[in-house]
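Below is one structure, written out as C-alpha cells, with a few remarks after it.
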Amino acid sequence: MNITHIEHLGIAVKSIDEAIPYFENVLGLKCYAVEEVPSQKVKTAFFKVGQTKLELLEPTADDSPIAGFLEKRGEGIHHLAFATDGVADALAEAESKGIRLIDHAPRGGAEGLNIAFLHPKSCHGILTELCEKPKK
Ligand code: ZN
C-alpha cells in the first residue's frame, strides 16, 4: 500500500489545555494548530516532530469515541497514522488481505487529509489510520 512515513500519532487526553504545557515546556515542541473536528467529536492539537506529527485528541461530547477510550483505557496513545499515496487503494488492498475495516471509504479528517481507519483487532491491537493529502 505504499506507506511513505508515519504521518502522526494520535494521543487521547482529557484536556488539550492541560496537556499542551507538557509538550511545549518539557519536550520543547510547539503547538502549531488547534482544530475541532465535529464529525469525530474531538478537538485536536498538533505538534511537529521531524516529518511526523503528534495529534492530541480531546473529546467534545460524552459520546465521542475518544471519551469512550479515556473511560476504558485512560490517557495515552490512541492510534497510529501512516501516510500513503492512496487511501482508497490501500483500503481495498487491506480488505482483500482479510483486514477488518472501520471505514470503507476515505473521509475528511483534521488538517484537510483524507483518512480511513483499520480495526485494531486486525492490526495487532493498534488502531491504524491511513491518510493522504487530497489531490487538487
Ligand atoms: Zn489521526
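The values are calculated or read from the model by the stated rules, or taken from the named source; none is laboratory data. This one's a predicted model, so the numbers in the text were calculated from it and none came from an experiment. Cβ coordinates were reconstructed from backbone atoms using ideal geometry, including for glycine residues, and neighbour counts include every protein chain displayed. Just so you know, the surface numbers come from the protein's heavy atoms only, side chains and all, with ligands and any DNA or RNA stripped out. Shrake-Rupley method; radii C 1.70, N 1.55, O 1.52, S 1.80 Å.
How high is the relative contact order of the chain, given as a whole-number percent (alpha carbon pairs under 8 Å, six or more residues apart)? Could the numbers behind the result be given before it?
Numbers: 283 pairs, mean separation 34.1, N = 136.
This gives 25 percent for the chain.
Counting each DSSP H run of 4 or more residues in the chain as -39500 (n - 2.57), what helix-only mean residue ellipticity at 222 nm follows after dividing by all residues, to the nearest 500 deg cm²/dmol?
Numbers: 3 runs with 25 residues, N = 136.
My calculation for the chain gives -5000 deg cm²/dmol from helical runs alone.
Could you work out what % of the accessible surface of segment 3-132 is carbon and sulfur, using a 1.4 angstrom probe and leaving DNA, RNA and ligands out of the count? Mind showing how you got there, number by number?
Numbers: 3620 of 6820 Å².
The computed percentage sits at 53.
Would you mind working out the magnitude of the charge dipole of the chain relative to its Cα centre, with +1 at each Lys and Arg C-beta and -1 at each Asp and Glu C-beta, to the nearest 20 Debye? Let's see the in-between values first.
Numbers: 15 positive and 20 negative charges, 50 e Å.
My answer is approximately 240 debye.
Quick one: among Leu118, Leu91, Leu29, which has the greatest mean-square fluctuation in a GNM of the chain with alpha-carbon springs under 10 angstrom?
Leu29
By the gyration tensor of its Cα atoms, with a ≥ b ≥ c the square roots of the eigenvalues, what is the shape of segment 1-68: rounded for a/c under 1.5, prolate for a/b over b/c, or oblate? Working shown, then result.
Working: a/c = 2.28, a/b = 1.17, b/c = 1.95.
Oblate shape, in that a/c is at least 1.5 and b/c is the bigger or equal ratio.
How large is Rg over Rh for the chain, taking Rg from the Cα atoms and Rh as the Kirkwood inverse mean of 1/r across Cα pairs?
Numbers: Rg = 14.7 Å, Rh = 15.3 Å.
Ratio of gyration radius to Kirkwood radius: 0.96.
On average, how much accessible surface per residue is there in the chain, in Å², for a 1.4 Å probe, leaving out ligands, DNA and RNA?
Accessible surface, normalised per residue, equals 56 Å².
Expressed as a whole number of Å, what is the distance separating the alpha-carbon centroids of segment 102-134 and segment 21-38?
After rounding, the separation between the Cα centres reads 22 Å.
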